[in-house]
Structure formats: C-alpha cells, structure tokens
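What follows is one structure encoded as structure tokens, with my remarks underneath.
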Amino acid sequence: MNIKTFIVPEIVAYLKNVATLTEKVVVVSIIGKSAYNANLKVKSLCRMFSEDNISSRDHTIEGYYDPVDHIIYLHVHSLLDTDALIKHYDDIVKRCQEEGKNDDFLTVYNEIKSTFAQMLLVLFYVSHIVVLSHPSSSFDVNYIQYFKAIDQLRQKLSGQISDCLREIDGISLDWINNCRPCTPRLLFYFERCPKGVTNIKKLEHDIEDRIYHILRKIRIISSTNTSSLFAIPPNEEFVYMSEEEQVDRLGHAVRSLILGCQPGAMLQVEVPYCSQPDIGRSFKSFLQVHIQHARSKGFDDNVTSSRHSQQLPAYFELPSLQHWAEACEEVYKVVMKQETMASLSTDTRFSEQRCLKVLPLALARYQESVAIHYTRAAHEARLALALAFFAAQARGPLFHQYSAQLVADCTAYWETGRQSCEVASLTGNPCTLPKHSSDQEHCNTVRYIAVCDCGRKQGTRDDPYTPKQANFTFYNQLGKECTCHAAQRHFFPVFQPSIKEYTAATLTENDDTVLSDERGDLTPDLDRSLVRQASTTEYLPGMLTLSSPPGLLPCYSSWSLVYLGPSSLYSHNLGLSESHHPGFVNSTNYLLPWDVTVYSKGRTSWPQLSKHSSRGRRPRASNSMPQFTVKVFIGVEYECPRGHRFMLAAPDKVLRAAPGSIVKDTGHKIAESDMPLYFPCPCRQSKPLTAQLMRLHVVTPKSLVHCTLNPKVQPAQGAPIFVPSVEGPTVLSQSAYWVMRLPYAYVSDKESYPENISARLLSGVFGVSEVE
C-alpha cells in the first residue's frame with residue numbers, strides 16, 4: 001500500500017488528493033528524540049512515516065492523514081535524533097566552515113535546539129494530543145528548558161498568531177482569541193522498560209506522579225489549563241511504558257536468512273510487522289482512549305477545587321481539515337521566522353557571563369606594572385600571560401570569541417600611546433622612545449665605552465642609529481676633548497659641494513663597477529687620464545667601497561689617520577703607557593716588530609713577504625742587488641663595548657707579554673694574514689664580549705723608506721670591500737707614530753652589515769718601499 005505523507009507547511013498540494021475537506025479531524029503529534037538505529041519514534045504508531053526524510057532534511061515535520069478515522073498524525077524529524085545527526089554531520093561541519101563559526105559544537109547545538117523548540121511550538125499550536133517519546137525509561141528533564149522557552153515565545157507571539165488567523169475565513173472567534181483549537185494534552189511514551197519490573201502499571205503511575213509534581217513545581221502546568229502551554233489529564237493515564245524488546249531488524253533478517261538456507265530448513269514467512277494485529281496491551285490502544293475522548297466531548301483538564309468550583313470549562317474545538325491546513329501554514333510561517341531563542345542557549349549564556357567576568361581581570365593582568373612605553377616583544381609576552389590567565393578561567397563555546405576580543409583590547413591598549421619606536425640601531429638594539437615620526441632622532445638606553453681616534457681619551461657613546469653617528473659624529477665630539485682634534489692627520493677625500501641644493505646619487509645595479517686591487521688603478525679597463533672627476537652635485541649615499549661608482553664620494557670620512565708624534569713615543573720595553581692609552585688589558589699593550597727587507601733598486605710597491613728574514617739576521621742576497629732590513633712596529637687593536645682594549649699577535653691569538661720581559665712575537669703573521677674583524681674579548685672567560693678591530697698602529701723607522709697603509713675590510717662573505725680611499729695606499733711619514741681608526745659600522749649604499757664571524761680585514765694592509 002502506497003502511503004502518501006506531506007511536509008508541513010506544504011499541505012495545499014496534498015489536500016488536492018483528499019475527497020472531503022470538511023470532516024472534523026483530531027490532530028496527534030509525536031515529538032521527542034530517538035536512539036541510534038531507531039529512525040522513527042513510537043514505531044507502533046509511526047509506521048506510516050518514511051525514513052527517507054531523515055536523510056533529505058535536517059529538521060522536518062512530516063504529516064499523514066487517516067481518511068478512515070479522520071486523524072492527522074504529525075511526526076518531527078530533527079537533529080536531536082541520533083541517526084539524523086550522524087547523517088547530517090558532514091553538512092554541519094561544512095556549514096560551520098563556510099560561515100566562519102567557531103569549531104565548537106555547542107555553537108551549532110544552540111541553533112539545533114532553537115529550531116527544534118520552534119517546531120514544538122508549532123505543534124502545540126495546532127495539535128489536540130502531543131506524544132513525547134523517550135528512547136529510555138526515564139523522564140528527560142532537559143525538556144523543562146524547552147517548555148519554559150516555548151511558553152515565553154508563545155506569549156510573545158500571541159498577538160501575531162491571532163492576526164494571521166483572522167485572515168482565514170470560517171475560523172471561530174474562540175480559536176482566534178486562544179490562538180489554538182484547544183490546550184493540547186501531553187502524553188509520555190517510554191520505549192524501554194527497566195529490567196526486572198513485574199508490575200508495569202505501578203511503575204507508570206509512579207512516573208506520572210513524579211512528572212506531574214515536577215511540572216506543577218516549575219509552573220509549566222496550572223489548575224487553569226487555558227493559560228498553560230499544555231495540559232495533563234487529571235483522571236486518566238498519560239504515561240505509557242513500552243514492553244516491546246528492542247530488535248535489531250537487520251541482524252534478525254540476516255539470521256533468519258541464514259537459518260532458512262540450511263539443508264532441510266524451511267523459511268518461515270511471518271506476517272509483516274506493520275500488519276500484525278494489536279494483541280493485549282499496546283500503545284495504540286492507550287492512545288485510542290484519548291482520541292475517543294477528544295472526539296466525543298473534548299478535553300477539560302482543569303483541576304477544580306472549592307475555590308474554583310465556578311470555573312468555566314476549557315475551550316475545545318475539532319476543526320475541519322481545510323481550516324486546520326490553512327491555520328497550520330500561517331502559524332508555521334510566523335513561528336519559524338523567529339530568531340534563535342536565547343533562553344535555550346544555556347551553555348552559551350554561561351560562557352558569555354563567565355567570559356565577561358574574566359575578561360576585565362585578564363586585561364588588568366596585562367596592564368599590571370606595565371611600563372609607560374614598551375616594545376612589541378614585551379607586548380606579546382604580556383599578552384601571552386593575559387591569554388593564559390583567561391584560558392584558565394573562561395569556559396564555553398564563546399571562549400574563542402572573547403579570547404579574540406582580549407587580544408584586540410590588549411593590542412588597542414598598547415597602540416594608544418604606549419608603543420615604543422622599536423627602530424633597530426646599527427647594533428640591533430630597538431629605540432625606546434615612544435613611537436614617533438622619522439624626523440625625530442632615535443635613542444635607547446644602551447651605552448658603550450669607546451676611545452677617540454688616537455686612543456688617548458675614553459668616553460661614553462650612545463648606541464648609533466646612523467652611519468654618521470657611528471663613524472663621524474661621536475669621534476668628532478670626543479676628539480674636541482682630546483688633543484687629537486687639533487693633531488696632524490691625513491684627510492681622506494670627501495664630497496665637496498659646489499651648489500647649496502645637492503642630493504644623494506640614485507644608484508642602480510648597473511652603476512656598480514668593481515675597482516682593481518692594483519695600486520693606483522681606479523678602474524679595470526680605463527686609463528688614468530680617463531678617470532672621472534669627483535662629482536660636486538651628488539654624493540655617495542653609503543660608505544666608499546671598491547664597487548662604488550667612480551666619481552662619487554661620501555659626505556664624510558668614516559676613517560681617520562692621526563699622527564701621534566715621533567717614533568720615540570713608543571718604547572718596546574714599556575709598551576703603550578696606561579696614562580696615554582687607557583683601557584688596555586694587562587700585558588696586551590705592545591706593538592709587534594716587523595723586519596722588512598727592502599731592495600735599493602727596483603720599484604717594488606709591496607714587500608715580498610715570502611722572503612722576509614728572521615728577526616735580527618740579515619739574509620744573504622739572492623743576487624747582486626743591494627738590500628737592507630728595516631724594523632717597523634705594527635699593531636692591530638681591538639675594542640669591546642666595555643672599553644677593554646687589546647692587541648692580537650696572530651689571527652687567532654691574543655698578544656701576551658711575559659712579566660718582566662719583552663714581547664717575543666713578531667708582526668709577520670698579522671702583516672701576512674687576513675685579520676678577523678671581531679674577536680672574543682679576554683676581559684672575562686665565561687660568555688666573553690665581542691671586541692671589534694678598531695685601530696691600526698704603525699711606528700715608522702728613520703730609514704729612507706715609505707711605510708704605507710692600505711686597509712680593505714670585507715664585513716661579510718660576499719659583501720663589498722670597504723676602503724678609506726680609492727687613490728691607493730696612504731704613505732706615512734718617516735720616524736713617526738701613526739694610528740688609523742677603522743669604522744665602527746659598515747654601511748653600503750644598499751644595506752648595513754651587522755656583526756659577522758666571517759668579517760675580515762684583508763691582508764696587504766701594511767707596506768714598505770724605498771724612497772725614490
């Protein structure tokens with residue numbers, strides 16, 4: 001038999017197949033939850049409903065009209081049914097991802113409960129009997145929350161429901177005023193019976209008493225049922241406990257098939273389950289009593305007493321099929337368009353109240369003992385503490401929402417006048433001033449101890465933010481306090497403007513021309529007469545390197561070469577005195593003797609270091625050319641941030657003089673090798689500070705030779721080579737003590753180079769040649 005059902009509110013098309021629409025009908029609704037693999041609620045009654053609706057829609061009110069008994073059965077399919085929830089789980093997850101909601105099921109569960117409650121309210125508006133099905137043997141007290149929320153919404157919508165019912169022709173005035181044909185009677189159905197129960201009637205009566213006591217206690221029902229959401233019959237049974245065994249239908253069919261296929265076995269064909277007659281006690285018979293009561297005299301479930309002896313009977317009406325269908329559609333439209341019912345979101349409301357209580361406490365934890373201005377790292381550290389405090393106290397589905405609000409509040413607190421500038425200095429330390437414009441100078445609390453160009457005056461220097469502060473301004477100011485400011489010095493070529501509005505040159509990749517390392521050559525392929533003259537309108541934006549475009553000079557020199565005095569200022573027995581050269585580590589304040597063989601003929605720009613003689617011995621001439629040996633004292637000085645100074649005897653060795661004796665090392669290794677630009681300071685053993693190569697010391701001999709300096713610094717592997725001048729080696733005067741101060745920071749026109757272990761002072765710095 002093909003049983004046709006309809007979906008509320010799509011009833012109009014279904015009524016076209018009904019012969020008579022004026023018959024008075026009784027409406028029975030089945031609500032509640034179903035267990036896993038149960039599919040339908042109250043199976044003995046709901047066999048006419050299709051299980052396909054479970055997979056087609058997540059929330060559905062399915063209906064069936066019995067034309068013989070003139071009864072309308074309504075069955076609710078919802079995501080509170082376990083099978084429906086499992087089948088629609090993937091769709092729920094996909095919807096949450098598309099809508100960007102939190103990955104918390106409680107957020108979605110609030111919408112599920114709200115939709116379910118709205119569908120219940122529709123049924124309470126249009127039904128005479130409502131059957132509440134339980135998959136277990138105990139009353140689910142969670143329905144109390146649904147009943148309260150539905151009752152509140154019912155009172156709120158009473159005016160709208162009455163207005164929409166007035167537009168339907170033929171509906172009685174009492175129905176319009178009461179918004180429903182009667183106060184529905186609620187029956188309770190339990191699918192399972194506790195094990196070991198012998199007197200089922202006694203159990204049902206005990207449950208009736210408990211349910212009635214609960215509903216009266218919370219005032220869901222009252223003595224006057226006209227104003228109540230539903231009514232409970234005072235003198236009739238309203239609880240049914242099913243004694244049917246829960247059968248796995250698929251397993252039972254498979255077992256029967258296996259037994260029937262055994263040799264000699266006969267397949268027993270039983271009467272279809274839906275066609276089995278009701279034998280003895282059944283829920284269908286239990287329900288039929290209430291249906292007959294509704295059809296004969298209606299429901300009057302008022303509880304009378306001496307004080308209410310004159311109480312009027314309750315309103316009850318059996319509507320025609322046509323009027324009921326039209327009213328059901330209108331009621332469904334009004335109820336289902338309502339927003340989510342906040343009263344059902346218990347978990348969400350608790351989460352919101354808890355989060356709102358903890359949120360200001362977490363924000364106060366963030367603001368506790370906070371500095372006036374602080375960096376992003378300090379902000380993130382404080383934010384982590386605040387979030388940890390919030391996570392320990394906050395709960396519920398709104399945790400992520402208020403956690404994001406805490407992040408936003410803390411970030412807003414930090415950004416409203418409490419941000420530090422955080423621009424990094426050339427040494428990597430952030431600016432501690434409040435966030436300011438680029439026109440204002442940067443500053444931090446880091447201070448270093450350094451010495452002037454000549455090394456005789458110590459002072460405190462601020463952490464530099466520009467190459468000019470690092471390599472020129474500090475030494476120029478400290479030199480004014482020292483005698484080296486007015487001392488004789490060699491001036492390296494710098495930019496000399498010829499106009500007032502000069503600018504920095506704009507360099508491109510094609511402007512980089514690698515200069516030759518050969519003495520006196522400026523370009524690899526150009527003749528000396530074709531060398532470009534220095535520009536007087538544009539200056540080099542960075543420091544001078546061998547790859548800088550020819551003709552561009554920096555505005556200031558980052559190097560200095562100072563004449564300290566005659567060579568007699570240095571005594572190899574005493575070394576550099578502490579009074580004139582403060583800050584040296586004990587026994588490291590010595591220069592190294594370097595014996596250089598010079599040929600009297602020939603023009604050798606650089607000494608043949610591979611043929612140097614050993615100290616104190618004159619090598620035998622390899623030819624008849626006259627030669628002689630000169631002694632030059634050289635030193636490479638390193639300086640740490642605390643002002644400690646020391647010399648190196650080799651690229652990997654600190655110079656140490658034995659007490660009471662002179663230095664036994666020679667200067668051959670430092671003259672022949674690449675020297676590291678950074679070296680651990682010997683001022684302390686554990687976690688030593690990094691010292692930087694800052695000065696080159698040269699004491700020239702009285703002989704008729706020229707000592708030269710030609711430093712080339714490569715601050716990183718593959719970095720450009722920095723030079724003080726592109727004019728070749730600098731010639732030093734005879735019998736003199738010269739000190740060359742190297743740059744503190746190395747900045748090209750493209751980038752600055754921080755401390756790097758591969759940074760080197762390239763070999764070939766020191767040179768000796770005969771005076772022509």
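The values are calculated or read from the model by the stated rules, or taken from the named source; none is laboratory data. None of the values given here were measured: they were computed from a predicted structure. Here Cβ is always computed from backbone atoms with ideal geometry, including for glycine, and neighbour counts include all displayed protein chains. Areas reflect the complete protein model, heavy atoms only, side chains present, ligands, DNA and RNA absent. Shrake-Rupley method; radii C 1.70, N 1.55, O 1.52, S 1.80 Å.
Using alpha carbons only, how many angstrom separate the centre of the stretch 160-224 from the centre of the stretch 394-455? The distance from the Cα centre of the stretch 160-224 to that of the stretch 394-455 comes to 66 Å.
Consider a paramagnetic label point 7 Å from the Cα of residue 702 along Cα→Cβ; state which residues of the stretch 723-744 have an amide N under 20 Å from it. The answer is 732-738, whose backbone nitrogens lie closer than 20 Å to the label point. Here the relative contact order of the stretch 622-769, from alpha carbon pairs under 8 Å that lie six or more residues apart, stands at 27 percent.
Across the accessible surface of the stretch 651-769, with the other protein chains kept in place and a 1.4 Å probe, carbon and sulfur atoms take up 51 percent. Where does the charge balance sit around residue 735 when Lys and Arg score +1, Asp and Glu -1, over other residues with C-beta under 13 Å from its C-beta? Around residue 735, the surrounding residues sum to +2.
Taking label points 7 Å from Cα along the Cα-to-Cβ direction, residue 210 and residue 483 give a separation of 10.7 nm.
How big, in percent, is the set of alpha carbon pairs in the stretch 348-415 lying more than 14 Å apart? In whole percent, the long-distance tail amounts to 52. Pairs exceeding 29 Å between alpha-carbon atoms, taken from 669/702; 156/297; 148/337; 16/94: 156/297; 16/94. 7 Å from Cα along Cα→Cβ at both residue 600 and residue 466: what's the point-to-point distance in nm? Those two pseudo-labels are separated by 5.6 nm. To put it simply, the accessible area of the stretch 348-415 at a 1.4 Å probe is 58 percent carbon and sulfur. Label separation (residue 202 vs residue 317): 4.6 nm, computed from points 7 Å beyond Cα along the C-beta direction. Counting only residues at least eight positions apart within a chain, or on another chain, the lysines with an alpha carbon under 23 Å from that of residue 687 are 653. The packing ranking, built from the mean of other Cβ atoms within 10 Å per residue, places the peptides 166-176, 738-748, 283-293, 542-552 in the order 738-748, 542-552, 283-293, 166-176, highest first.
Normalising the average separation of contacting C-alpha pairs (under 8 angstrom, six or more residues apart) by the number of residues puts the relative contact order of the stretch 100-215 at 37 percent.
Over all other residues within a Cβ to Cβ distance under 13 Å of residue 578, the charged ones net out to +2, with Lys and Arg as +1 and Asp and Glu as -1.
Given R0 = 22 Å, the distance between the Cβ atoms of residue 686 and residue 756 translates into a calculated FRET efficiency of 0.45. For the pair residue 653 and residue 106, the difference between a 0.36 nm per residue extended length and the Cα-Cα distance amounts to 190.0 nm. Each Cα pair under 8 Å and six or more residues apart adds its sequence gap; the mean of these over the residue count of the stretch 348-415 is a relative contact order of 51 percent.
If the segment from residue 98 to residue 577 were pulled out straight at 0.36 nm per residue, it would be longer than the present Cα-Cα gap by 164.7 nm.
Using the Cβ-Cβ distance between residue 36 and residue 346 with R0 = 35 Å, the FRET efficiency computed as 1/(1 + (r/R0)^6) comes to roughly 0.90.
A straight chain from residue 217 to residue 415 at 0.36 nm per residue would run longer than the Cα-Cα distance by 65.8 nm.
On the basis of the beta-carbon distance and an R0 of 22 Å, residue 449 and residue 476 show a calculated FRET efficiency of 0.80.
Distance from the C-alpha centroid of the stretch 315-380 to that of the stretch 66-143: 19 Å, rounded to the whole angstrom. In the neighborhood of residue 374, defined by Cβ-to-Cβ distances under 14 Å, what is the net charge if each Lys or Arg adds +1 and each Asp or Glu adds -1? Taking every Cβ under 14 Å from that of residue 374, the sum is 0.
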